[in-house]
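Below is one structure; the comments refer to it alone.
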Amino acid sequence: MDGIRNIVILTGAGISAESGLRTFRADDGLWEDHRVEDVASPEGFRRDPELVQRFYDARRANVMAAEPNAAHRALGRLDDAWDGELLIVTQNIDDLHERGGAGRLLHMHGEALSAWCLACGARHRWTGTLLDEPPCPTCGEAELRPDIVWFGEMPYGMDRIFAAIACADLFVSIGTSGAVYPAAGFVQQAKSAGARTLELNLEHSQGSHWFDESRLGAASALVPAWVEEMLR
Ligand code: BJW
């Protein structure tokens, strides 16, 4: 792809599916066992903190047991080799991009392996349970919640994301259904800014018509092939 220097890549649950982490909206997806509003909203957490802590304790354990796949590793290789600007914006809370070698990365929906203290605001890397209400290592209060962006909350890093999209020559969306905003709107913003837009997904996403090109298939095949093209 000639003339491309600045790249923004948006990833979703589909990129981690082949690492054994369930997506959200598939028939056997994460929401199948729960009502979304019960486990992914601040109101749900206030209503039943034990249910929410149990849900994210299980997700945290699954993340730690998973390994990056060929798609994560290909993006790590691109990040390492690409001289221009590059930002990988992930909606995923797993750390498979990091373990796949990506450094220019932003977790817009938070991180499974982080806990956020509602008493003092500190964030701590967390690999164990939050169900037994452990004290915050900074202030000692038992007010830790998963460091996750739930519905109705402001995603992280929006200024940095919008700035990167405004300068992007290429916007690539990988493994996301396009069902959740503001991420679902990035393709339109990228197009308005003059970027070329490419979708890599198992099936067409909800906003598929906004993309200049859609390649359909598994991320573990499509992403390495696309990265090869970019580095040729
Ligand atoms: C493969 C594959 C393979 C499978 N290879 N592909 C009405 C209109 C517009 C907006 C709203 C509205 N009402 C409310 C809103 C706002 C709301 C929203 O969008 N709601 C929608 C339901 C409409 N959004 C919010 O509240 C957000 N905050 C917000 O808007 O703040 C205000 C604001 C204002 C202005 C600027 C900025 C902000 C917060 C959203 C928080 C989302 N949180 C969650 C849960 C927490 C994280 C976690 O627990 O993990 O994030 S919801 C859930 O969905 C999770 C995901 O990150 C997110 C996106 O899902 P994703 O990744 O797309 O997964 P799936 O399962 O949907 O799709 C997987 C895809 O992969 C599929 O397409 C498959 O085909 C594909 N696939 N295997 C390639 N092997």
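The values are calculated or read from the model by the stated rules, or taken from the named source; none is laboratory data. The model shown is predicted, which means the values in this text are computed figures rather than measured ones. Please note: Cβ atoms are built from the backbone with ideal geometry, for glycine as well, and neighbour counts cover all protein chains shown. These accessible areas exclude ligands, DNA and RNA; they are computed on the full protein's heavy atoms, side chains included. Shrake-Rupley method; radii C 1.70, N 1.55, O 1.52, S 1.80 Å.
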Suppose we keep only residues that are crowded, with 16+ Cβ neighbours inside 10 Å and under 19 Å from the mean Cα position of the chain (by Cα) within the stretch 27-47. Which one would you say is nearest to Ser16 (Cα to Cα)? Leu30
Condition (residue is open to solvent by 80 Å² or more (accessible area, probe 1.4 Å) and within 15 Å of the ligand (Cβ to nearest atom)) applied to the stretch 123-138: is it met by at least one residue? no
Met64 passes all but one of (1) under 27 Å from Phe151 (Cβ atoms); (2) crowded, with 22+ Cβ neighbours inside 10 Å; (3) hydrophobic (A, V, I, L, M, F, W, C); which number fails? (2)
Just for the stretch 156-178: of the residues that are open to solvent by 40 Å² or more (accessible area, probe 1.4 Å) and in a loop (DSSP other than H, G, I, E, B), which one is farthest from the ligand (Cβ to nearest atom)? Asp169
Any idea which of (1) hydrophobic (A, V, I, L, M, F, W, C); (2) surrounded by fewer than 17 Cβ atoms within 10 Å (Cβ to Cβ); (3) within 16 Å of the ligand (Cβ to nearest atom) is the one Ile148 doesn't satisfy? (2)
Are there any helices (runs of 4 or more DSSP H) wholly within the stretch 1-98 with 3 or more residues that are of a type outside the set (Asp, Glu) and farther than 30 Å from Ala166 by Cα, and if so which? 42-47, 49-65
